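Contents: one structure, followed by commentary.
No value in this document is a laboratory result; all are computed from the given coordinates. Note that the structure is a prediction, hence the values are computed from the model and not measured. FYI the Cβ positions are ideal-geometry reconstructions off the backbone, even for glycines, and counts take in every protein chain you see.
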Amino acid sequence: MGAPIVKTPIYEGPLDLLLELIEKRKLLINDLSLASVTDEYIARLNAMEAVPIEETAHFVSLAATLLLIKSRSLLPLLSLSDEESKDIKELEYRLALHQLFKESARDLGKQWEQAAVLYEGTPPELPPFFLPDAAITPTSLYEAALILIEEFPKTESLPSVAVQKIISIEEAVEQLSQRVATALRLSFRDITATTETDRKIVRHGLIVHFLALLELVKQGIIRATQEGNGDITLESDTVSTPSYE
Amino acid sequence: MNNHAYTIEAILFALGKPMTYQELSNKSGLSAQETKEAIASLRERQGGVVLIDDGHTVELRIAGALAPIIETIQTEEYARDIGKAGLETLAAVLYKGPLSRSEIDFIRGVNSSQTLRTLVMRGLLRKVPHPRHQRSFLFEPTTELLAHLGITDTAALPHYDTIREKLTALQAAYETQTAEHTV
Amino acid sequence: MNNHAYTIEAILFALGKPMTYQELSNKSGLSAQETKEAIASLRERQGGVVLIDDGHTVELRIAGALAPIIETIQTEEYARDIGKAGLETLAAVLYKGPLSRSEIDFIRGVNSSQTLRTLVMRGLLRKVPHPRHQRSFLFEPTTELLAHLGITDTAALPHYDTIREKLTALQAAYETQTAEHTV
C-alpha cells in the first residue's frame, strides 16, 4: 500500500519558471535581471496550454509585477506607488527563498535516498484487555463518519480571491499601458530639448515594442478570464484538511 | 558493549517480544557464541530498560525499580478518552473496513499509527494479516467492540450503506485528483 | 545517565511513541529542567537504540547502523519515494519552520495543500494550532521525518547553519527594504 504515484509537470509554478529563466542566464536576483527576463517569461506564459485556471492566475499576477519592473527599467520617469515598490521587493524576496529551498531540497533528496533510516521499535506487549470508552456509540460513530466525509478534500476549485486578482490585473495592465504612454510623451519633450538624440531614439523603439507587448498580455489575460467558466467555490484551510491528530 | 550487543539490542527493540538465543542468532547473522557474548554484555547494561535472560529466552523490560511507576503511566495512557482521532479511526474501520493503515491515513488525512496502536491495545480493533500483501496488516473491529455497540454486524450501524458508499466515492475521487497533481 | 534519565528512557520505551518534553515532565513528575537534563544525558547513550530530539519532541528509534538488519524483519507502510514538491515543502519546514500553509505557498509559488496533506498523512509533518491565529495551523517536522533522514536532530541537516544564516540575512534585507518604502 504505497502513497499514490503522481506525475511531475514541467514547471511547478510561476516562481519556478522565473527562476529557471534567471538561472539559465546565470544572473543574480535583482531588478535588472528580472527586467531582462520579462519578455521570455511572457512568451513562455503565452505558449502554455491547459494550465489550471488557478495556476494561470498565479502566473499572470507575477507577469504583472515583471511588467512593472520592466516599465521602470525602460522609463525611470515612471514613478511607482509604495505598494508597487513593495510588490517588487516581495517578488525578489520570494524568488530568493524559492531558490534557496530548491537547492536545499536537492541536498535533502540525496540524503533521503542514502540515509540509513532510524526504524521504530515495538513497545512491549501488555496482557490483552478490553477497555471501551462510553463515548463509543453507534450515533457517535455515525457522526464521526459524517465529519470524515465533510472534511475530505473537495475536488480542486478556483478560489474566488484568484478570480478577483485576474480582473484587477487586467485593470492594472490597462493603467500601466496608459502610464507608460504618458511617460513616453513626457520624455519626447525631453528629446526635442536635446541635440544628442540617437541613444534615446533607440530607447523609444524599445518602449513602443514594450507597449505592443503589454497589449499582447492584455489579450492573454482576457483569454485566461474567459476560460474560467467552471464552478467557483471557496477554498480554505478548514475545509480542505482536518485539524487534529 | 560492542557492535554485536548493539545489534541484539536493536532486534529486541524492533520486535518488542521475548526471543530465544537461536532466533536472535538467526535474525542477526551472528554465531551462537557471538550471540551469547552479546547477550552477556547487554545484561551488564544499566538503565531504565534492562535485559531479562532466563538462559534460553531474552527480553527487554522496564527495570524492576521503575516497573510500578511505569505501570501506572501505562494504565493512565490507555484509559484516556479515545478522543476525536479515536472515534474517527473507529468510524472509518467500522463503516469501510477492513482497512490497512495507509488507507485509514488516506481517509483521515493524518497519520493514524499511534491512534491505531492505542485502539488495538484497548481491544477495540484487531490486526489481521493482509490477504494480498505479505507481512502487512488490515484492521477490523473486535467482537467485543461490536458487543459494546449492541450489534452483531457492522451493517447494523446507522445509515451503513450510504456512509460506506460515500467514503468509497470520496476516496476514488481523491485518488483520481491526486494522480493529476504533483505531490 | 542518572535515575532521571532511566525514568525517561523507561517511559519512552513503554509507551513507544514520540513524546514532548512537556508530556514527559508531566508523566514522570520531573521538573522541566530535570527532564531537559535527563533527555540530554539519554542522547549521549551509545547502543542499538538512539534518541531523536527535534528540540520539542523526542522518540526512541533503532540506530541507523542497524537499518539493513531491521529492513529484513520489519515492513514499511509507505514507499520510500518522495517527489520534488514534497522535498521542497519539507526543506522549507525543516529550515524555516514551523510555517503556515500560506507561508509555504508564498515560498513555493504554488498551492501546497495536497502536498501538505500527503506529508501529514505519511507522518512526516504535523499540524499544530497557530499560537496567535485562531482556527489556523502551522506545520512542523516530526521525529518520523528526522528518522527517515537518518538524523537525530535538525542541526544535523545538510548545511543547516549556512542555510539558516542565509535565511536570516534574506529576511533582514527584505524587512529593511520594505520598511524604507513605507516610511
Residue A:24: which lysines have alpha carbons under 21 Å from its alpha carbon, excluding same-chain residues fewer than 8 sequence positions away?
A:70, A:102, C:84
Order of A:24, B:36, B:96 from fewest to most other C-beta atoms within 10 Å?
A:24, B:36, B:96
Explain nothing, just the number: dipole magnitude of the range B:66-168 about its Cα centre with +1 on each Lys and Arg Cβ and -1 on each Asp and Glu Cβ, in debye rounded to the nearest 20.
340
On a 0 to 90 degree scale, rounded to 10, what angle separates helix B:67-79 from the longest Cα axis of chain B?
10
Working out 0.36 nm times the residue gap between residue C:175 and residue C:32, then minus their Cα-Cα distance, what length gain in nm do you get to one decimal?
47.9 nm
Pick out, in residue order, every one of the chymotrypsin sites (Phe, Trp or Tyr not before Pro) in the range A:104-153 that is DSSP loop and has at most 14 other C-beta atoms within 10 Å; say none if there are none.
A:129, A:130
Quick one: what are the phi-derived ³J(HN,Hα) couplings along the range A:25-32, Karplus 6.51/-1.76/1.60 with θ = phi - 60°, whole Hz, x for glycine and proline?
8, 6, 9, 8, 7, 7, 3, 4
Hey, can you grab everything whose amide H is under 5 Å from the amide H of residue C:125? Only 5+ residues off in sequence or another chain; H modelled, so Pro and N-termini drop out.
C:120
If you put a point 7 Å past Cα along the Cβ direction, how far is that point for residue C:68 from the same point in each other copy, in nm, smallest first?
4.7
Only counting other Cβ atoms within 10 Å, I'd like B:4, B:130 sorted with the fewest neighbours first.
B:130, B:4
Integer Hz, Karplus 6.51/-1.76/1.60 couplings in order for the range B:36-53, x for Gly and Pro
4, 5, 4, 5, 4, 6, 5, 5, 6, 5, 8, x, x, 10, 10, 9, 9, 9
May I ask for the angle, rounded to the nearest 10°, between helix B:160-179 and the longest principal axis of chain B, with both axes built from Cα atoms and the value confined to 0 to 90°?
70
Compute, for chain C, the length of the dipole vector about the Cα centre, with Cβ point charges of +1 (Lys, Arg) and -1 (Asp, Glu) only. Units Debye, rounded to 20.
460
Between residue C:46 and the same site in the other copies, what are the distances in nm, shortest first, taking label points 7 Å from Cα along the C-beta direction?
1.7
Using alpha carbons only, how many angstrom separate the centre of the range A:68-135 from the centre of the range B:31-49?
45
Over chain C: helical MRE at 222 nm, DSSP H runs n ≥ 4 each giving -39500 (n - 2.57), nearest 500
-16500 deg cm²/dmol
Nearest 10 degrees, 0 to 90: helix C:84-96 Cα axis against chain C principal axis
80
Could you list A:66, C:94 in order of exposure, starting from the residue whose Cβ has the fewest other Cβ atoms within 10 Å?
A:66, C:94
